[in-house]
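The block underneath contains the structure these notes are about, expressed in structure tokens.
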Amino acid sequence: MTLTASPWLDRLNPQQRAAVTWGMPLGDGRVKAAPLLVIAGAGTGKTATLAHRVAWLVEQGVDPARILLITFSRRAAQEMVRRAGQALMQTLNSGVEPSGEAAALHLPWAGTFHAVAARLLRLHASALGLDPGFSVLDRSDAADLIDLIRHEQGWSATRSRFPRKDTCLAIASFALNTGRPLREVLAQGWPWCLDWHDALRSLFAAYAERKQAHHVLDFDDLLLAWEAALSDAQTAAQMAARFDHILVDEYQDTNTLQAGILRALSPQGAGLMAVGDDAQSIYAFRGACIDHILAFGEQFDPPAQRITLERNYRSVQPVLDCANALMAGATQAYPKSLQAARGTGARPVLATVADERAQADRVIDGVLAQRETGIPLKEQAVLFRNAQHSEWLELELTRRKIPFVKHGGLRFMDAAHVKDVLAVLRWMQQPRDALAGFRVLQCLPGMGPALAERALAVCAAHESLSVGLSAWAPPAAAALHWEALIALTRDIGPREARWRGQFDAVCAWYQPLLERLYRDGAAVRAADLKVLGAVATHFGSREQFLTELALDPPSASGDLAGAPHRDEDYLILSTVHSAKGQEWDAVWVLNVTDGNFPNEYATGAAHSIEEERRLLYVAMTRARNALELVEPRAFAVTHQPRLGDRHVTGARSRFLNEAVLATLECMPIQGESRRGEPAPMPPVVPGWAAAAVADRGADQAATDRRHSAAPRVDVAARLRSRW
């Protein structure tokens, strides 16, 4: 079919079009493109620009399989691929808008850093000394494994405070992703752990060895192993040769490992396009560093070109004026001034209230007033710096019977019954994954940790899992389940077994155990497994299913007041970090005072204060039409002496300087400080919301390949040497 002129290019603004068509088509399916940095301000059509870039490259004859699209979530990759397909099909159909499957575009290498790493490592496993069937630990399982080793080494019985498992994992992850020495990391982020430096190093070394013994990798290992693979010239050349174009979304959120991987894949920057916004770099606590986007252009010779997107399609101009004034005070930033495509609107409001209770009243009254004008609750959001900042608001919302969803709650994958079923599949996939086997065996009646450990030792001594299980005599209480487990292992254990029907078979085996373990909630939990089973049908293999769910799991809807599935509407509550990438008609930002914006723990360093400024900027730019910042004058203090002061006075945020205040409609103090203690907080009612998962396709040729020669890169040794 002959391509016509691209009609969608006419809908792009000049800056977007320049980014989309960057490079010189050579006429033979190749496009020569120097490195490019696209600074995409909030709401300026970043997703559309990346999606149309993909469509334009394909239109020029570039093979979609030679385009690497890296995003920070699977859903972002899916959305970009969908929109790229729409644009391309519109061109093929001479301007007719496509829909449904007609707009599908197969882009096999679109995904997160970790997902791409897992695929490449499996393909090159024999050269890296890895088992191509390695399992991937999610954060929860990784924390459990480190906790087990922590207990074995005696650190759970110390006389002084030793960091808990989640803290240990966070410390190790931050050190590995930033490439900084452990002592330096502890001094800056966890100074109270400095006395445990040697103990933590020993713990992390044992953790690395245990993972290798079980043939599992955690999230950090995926990036470390990818980096190690790229240190070998031959492997690096093979990986780089797969891709003609590398497009990276949210580049401001890259950490040192990720930035180094991109440099190794494209040392001269050929075909490399990085898209991001320095003003939205807010993930330093995960190891992200704004310096990577600020110095992107200078790492190449000649330096990379830069295109800035400033035309905003989300917010009205008064909201953008406020955000622009805030970022004008930034010490390090690319210059930009957001301009609204939608025109003018109401000025943002700065409301000063007596205290947090008055703040709750102010926000709820405003939310209900907006609802009466026709704006649904779901199109309104209340944002806050820390999760506990919404406690008073949640209490009052519950009292007034206003349903809400609080983002950032429990993950679907953290539910015990979900982890049980996935552990069975992981054990079938990788019989040497003792962590998964340990969990599965303890689901059986009469099987405690000691018996489970002995059974695993017997299984490890046999050639297959089914033979090992047959060689062990289980306790009488577990006998029937044991025979069924052996049969299940024979049916679905081999890697070449058909994936279709395996999830249902595991659930059938697990059902009686589910009813025994979770009597009161068995029906609800069984419904969760049906949802997960529907997700499983979208994957072509067991390996894909387990890997994708570990790397990018579906999440719960959060803390609910009432049951939202019974309501036609509900209000959104969210931390600013969880709100990034979202937008609403009306936005309220709580506790805009010094100590909250910026957070009191961030005021000791200039770079931390600047990140707090960017955090407030992200909160502001979520609003389409209405924005209100709320500053309480007093904050309640608990556990004070009987006759002591019960409140502390809030100071105006240092970010609200004269330039910012000039863009705001300032409301005088409202609401009287109330007496009395708050009622008890309502119970948390979790609600599960699993997102549909798309099949990425897989390179099966190398998946089952065993070690036929000595590895060129000893990845295992590289990972151990970190500690």
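The values are calculated or read from the model by the stated rules, or taken from the named source; none is laboratory data. The shown structure was predicted, so the numbers you read here are calculated from the model rather than taken from an experiment. All Cβ positions, glycine included, derive from the backbone under ideal geometry; neighbour counts span all protein chains shown. To get the accessible areas, we keep the full protein, side chains included, count just its heavy atoms, and leave off ligands, DNA and RNA. Shrake-Rupley method; radii C 1.70, N 1.55, O 1.52, S 1.80 Å.
Size of the dipole of the range 314-423 about the Cα centre, Lys and Arg at +1 and Asp and Glu at -1 on the beta carbon, nothing else charged, in debye to 20?
300
I'm checking a number: the convex hull volume of the Cα atoms of the range 242-339, normalised per residue, in Å³. What is it?
Numbers: hull volume 11.5 nm³, N = 98.
Per-residue hull volume (Cα only) is 117 Å³.
Once R0 is set to 41 Å, what does the formula 1/(1 + (r/R0)^6) return for the Cβ-Cβ distance between Asn386 and Arg82, expressed as a FRET efficiency to the nearest 0.05?
Rounded to the nearest 0.05, the efficiency is 0.75.
Apply the Karplus parameterisation 6.51 cos²θ - 1.76 cosθ + 1.60, with θ equal to phi minus 60°, to every residue of the range 530-545 and state each ³J(HN,Hα) to the nearest whole Hz, in sequence, with x for glycine and proline.
Calculated HN-Hα couplings, in order: 5, 4, 5, x, 5, 4, 4, 5, 7, 10, x, 8, 5, 4, 4, 4 Hz.
Calculate the spin-label point distance for Gln153 paired with Ala526, positioning each point 7 Å from the Cα along the beta-carbon direction, and give it in nanometres.
4.4
Rounded to the nearest 20 debye, what is the charge dipole size of the range 362-412 about its Cα centre when +1 sits on each Lys and Arg Cβ and -1 on each Asp and Glu Cβ? Numbers along the way, then the final one.
Values: 9 positive and 6 negative charges, 31 e Å.
That gives the range 362-412 a dipole magnitude of about 140 debye.
Over the chain, what is the relative contact order in whole percent, taking alpha-carbon pairs under 8 Å and six or more residues apart?
It comes to 21 percent, rounded to a whole number.
Farthest toward the dipole's positive end in the range 147-220, which of Ala170, Gln212, His151, given Cβ charges of +1 (Lys, Arg) and -1 (Asp, Glu) about the Cα centre?
My answer, from the dipole projection, is His151.
Could you check what % of the DSSP bridge pairs in the chain are antiparallel, to the nearest 5?
Counting DSSP beta bridges with both partners in the chain, the antiparallel share is about 25 percent.
Across 10 Å bins from the origin, how do the percents of Cα pairs in the range 8-163 run, short distances first?
In order of increasing distance, the bins hold 9, 27, 27, 16, 11, 7, 3, 0 percent.
Dipole size in debye (nearest 20) for the chain around its Cα centre, Lys and Arg Cβ +1, Asp and Glu Cβ -1?
420
For the range 395-503, rounded, prolate or oblate, judged on the Cα gyration tensor with a ≥ b ≥ c (square roots of eigenvalues), a/c < 1.5 rounded, else prolate if a/b > b/c?
prolate
With every protein chain present, what is the per residue accessible area of the chain (1.4 Å probe, Å²)?
43
Pull out the extension gain between Arg652 and Ala497, defined as 0.36 nm times the separation in residues minus the alpha carbon to alpha carbon distance; nm, one decimal.
So the extension gain works out to 49.4 nm.
Indicate the gyration tensor shape class of the range 316-374 (rounded, prolate or oblate), computed on the Cα atoms with a ≥ b ≥ c the square roots of the eigenvalues: a/c under 1.5 is rounded; otherwise a/b larger than b/c is prolate and the rest oblate.
Cα axes put the range 316-374 in the oblate bin.
With unit charges on the beta carbons (Lys and Arg positive, Asp and Glu negative) and the dipole taken about the Cα centre of the chain, which residue among Trp22, Gly45, Leu377 sits farthest to the positive side?
Checking the options against the dipole of the chain, the answer is Trp22.
Calculate, for Lys401 and Leu517, the FRET efficiency according to 1/(1 + (r/R0)^6) with r their C-beta to C-beta distance and R0 51 Å; round to the nearest 0.05.
E(calc), rounded to 0.05, equals 0.90.
Could you give the length gained on full extension between Ala505 and Ala659, defined as 0.36 nm per residue of separation minus the Cα-Cα distance, in nm?
Working: separation 154, 0.36 × 154 = 55.44 nm, distance 6.39 nm.
Roughly 49.1 nm would be gained on extension.
Pop out the carbon and sulfur fraction of the accessible area of the chain as a percent, whole number, probe 1.4 Å.
52
What is the Cα centroid distance between the range 8-42 and the range 159-183, reported in whole angstrom?
42
Quick one: in the chain, what % of C-alpha pairs are over 39 Å apart?
Working: 106115 of 261003 pairs.
For the chain, the fraction of Cα-Cα distances above 39 Å is 41 percent.
Once phi is turned into ³J(HN,Hα) by the Karplus curve 6.51 cos²θ - 1.76 cosθ + 1.60 with θ = phi - 60°, what whole-Hz value does each residue of the range 349-362 show in order, with x for glycine and proline?
Running phi through 6.51 cos²θ - 1.76 cosθ + 1.60 with θ = phi - 60° gives 10, 10, 9, 9, 10, 5, 7, 5, 5, 5, 4, 4, 4, 4 Hz.
Quote to one decimal, in nm, the extra length available between Ala187 and Ser337 on full extension: 0.36 nm per residue of separation minus the C-alpha distance between them.
50.2 nm
Assign one of three labels to the range 440-538, namely rounded, prolate or oblate, based on the Cα gyration tensor with a ≥ b ≥ c the square roots of its eigenvalues; rounded applies when a/c is under 1.5, prolate when it is not and a/b is larger than b/c, and oblate otherwise.
Judged from the Cα gyration tensor, the range 440-538 comes out oblate (a/c at least 1.5, b/c at or above a/b).
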